[in-house]
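Just so it is clear, none of the values below were taken in a lab; they were calculated from the coordinates. It should be emphasised that the depicted structure is a prediction, and the values quoted were computed from it without experimental measurement. As a convention, Cβ positions derive from the backbone with ideal geometry for all residues, glycine included, and neighbour counts pool all protein chains shown.
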Amino acid sequence: MTKQRVLITGAAGFLGSHLCDRFIKEGYQVLGMDNLITGDLKNIEHLFKLKEFEFYHHDVSKFIHVTGHLDYILHFASPASPIDYLKIPIQTLKVSSLGTHNCLGLAKVKNAKILVASTSEVYGDPLVHPQTEDYWGNVNPVGPRGVYDEAKRFMEAITMAYHTFHNVDTRIVRIFNTYGPRMRLNDGRALPAFIGQSLRGENITVFGDGSQTRSFCYVDDLVEGIYRLLMSDCVQPVNIGNPDEISLLDFANEIVTLTGTTQKIIFKELPTDDPKQRQPDISKAKELLNWEPKVSRSEGLKITYDYFKSFPKDELNKLPKEFESIK
């Protein structure tokens, strides 16, 4: 019997690499694709020896050619942190517009089911709390974060258009803040920023007064939710995240306690369009997917800290000395 084949774009990234692991564990033939602009082959080097895994070094913003049948496509290619999309705004826009268009075209040709990775950033700086899937968002299209936020909003629109016009079998996941091993220490998000600063003996930088909130979901929980969504018949967007909300100041204090650092927490000016609140309403995921997160923040943070702690000292010190921890 021929194995089912899945194409995962952004395969060398944080989430993409964990998805590769999951689908290989489930018995699939996995085709990983990444242009390595933000991904790292170290995240998937353990898979290269497996006959169930193939890797394509390719930019999905350009035409995608894959031989043979495809059963599923998971489109996870995208810069996903503030530092990335402020440095490479055009690529950020292209991967979620042209790249999504190419993936949807491939899904149509191959008659494959496709799941696209949207984000809580489609809600912008929300005026509704917690955020439900029927909230349309409050996004600044011309602000510095607009290249990411609007690209993902376009991704959702074109995905639904392919579903309604071309009858492509589509799924849309709206991902809230996720953490775990294989995050990049220098990606600009709060969790790796705080841990990286503590490991290097620097002060912990909190932006604004630290009252802005985030809701952190451990990567294994997220992957489970994505897998269930893919296998469901739910075409409309679904929030996948952990509703356990915390202020960034309280979160910084948790990191101080976890790492045992003696450094101070210092405050800097809040970046433009930084969301003040972020908390998923996961009622839909509970009802339709029978999914909710299982891993507590204390448990997940310990695993993540141990991962970062294993970095060689010289690798830690190569990193930028300060982060814009704005996601």
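Some observations on this one:
- Neighbour-count order for R200, R145, R153, fewest beta carbons within 10 angstrom listed first: R200, R153, R145
- Spacing of the modelled spin labels on H129 and N290, each 7 Å from Cα toward Cβ, amounts to 3.4 nm.
- Shape analysis of the range 1-109 places it in the oblate category; the axes a ≥ b ≥ c from the Cα gyration tensor give an a/c of at least 1.5, with a/b not above b/c.
- Spin-label pair K268-K3: with each label point 7 Å from Cα along the Cα-Cβ axis, the two points sit 4.5 nm from one another.
- Pair E26, M160: separation of 7 Å Cα→Cβ label points (nm): 2.5
- Counting Lys and Arg as +1 and Asp and Glu as -1 over every other residue whose Cβ lies under 12 Å from the Cβ of G16, the net charge comes to -1.
- In the chain, the DSSP beta bridges split such that about 10 percent are antiparallel, to the nearest 5.
- Charging the Cβ of each Asp and Glu at -1 and of each Lys and Arg at +1, and nothing else, the dipole of the chain about its Cα centre rounds to 720 debye.
- Sequence-ordered 3J(HN,Hα) estimates for the range 21-31 from the Karplus curve with 6.51, -1.76 and 1.60 and θ = phi - 60° stand at 4, 5, 6, 5, 4, 7, x, 8, 8, 10, 9 Hz, glycine and proline given as x.
- Amide H contacts of F207 (H built 1.01 Å from N, in plane; Pro and chain starts excluded): K268 sit under 5 Å, all sequence-distant by 5 or more or on other chains.
- Subtracting the Cα-Cα distance of D306 and D209 from 0.36 nm times their residue separation leaves 32.1 nm of extension gain.
- A straight Cα-to-Cα reach below 22 Å connects K284 with the lysines K113, K152, K294, residues fewer than 8 places away in its own chain not being considered.
- Of all aspartates and glutamates in the structure, those lying under 14 Å Cα to Cα from K62, and not within fewer than 8 positions of it along the same chain, are D34.
- Sequentially through the range 302-316, phi angles give Karplus couplings (6.51, -1.76, 1.60; θ = phi - 60°) of 4, 4, 5, 5, 4, 5, 5, 5, 7, 5, x, 4, 5, 6, 4 Hz, Gly and Pro residues having no value and appearing as x.
- Calculated FRET value between K51 and M231, using beta carbons and R₀ = 22 Å, to 0.05: 0.35
- Mean-position separation - Cα centroids, the range 205-258 and the range 57-87, in angstrom: 23
- Taking amide H as placed 1.01 Å from N in the peptide plane, A77 has its amide H under 5 Å from the amide H of T9, G10, each at least 5 places away in sequence or on another chain.
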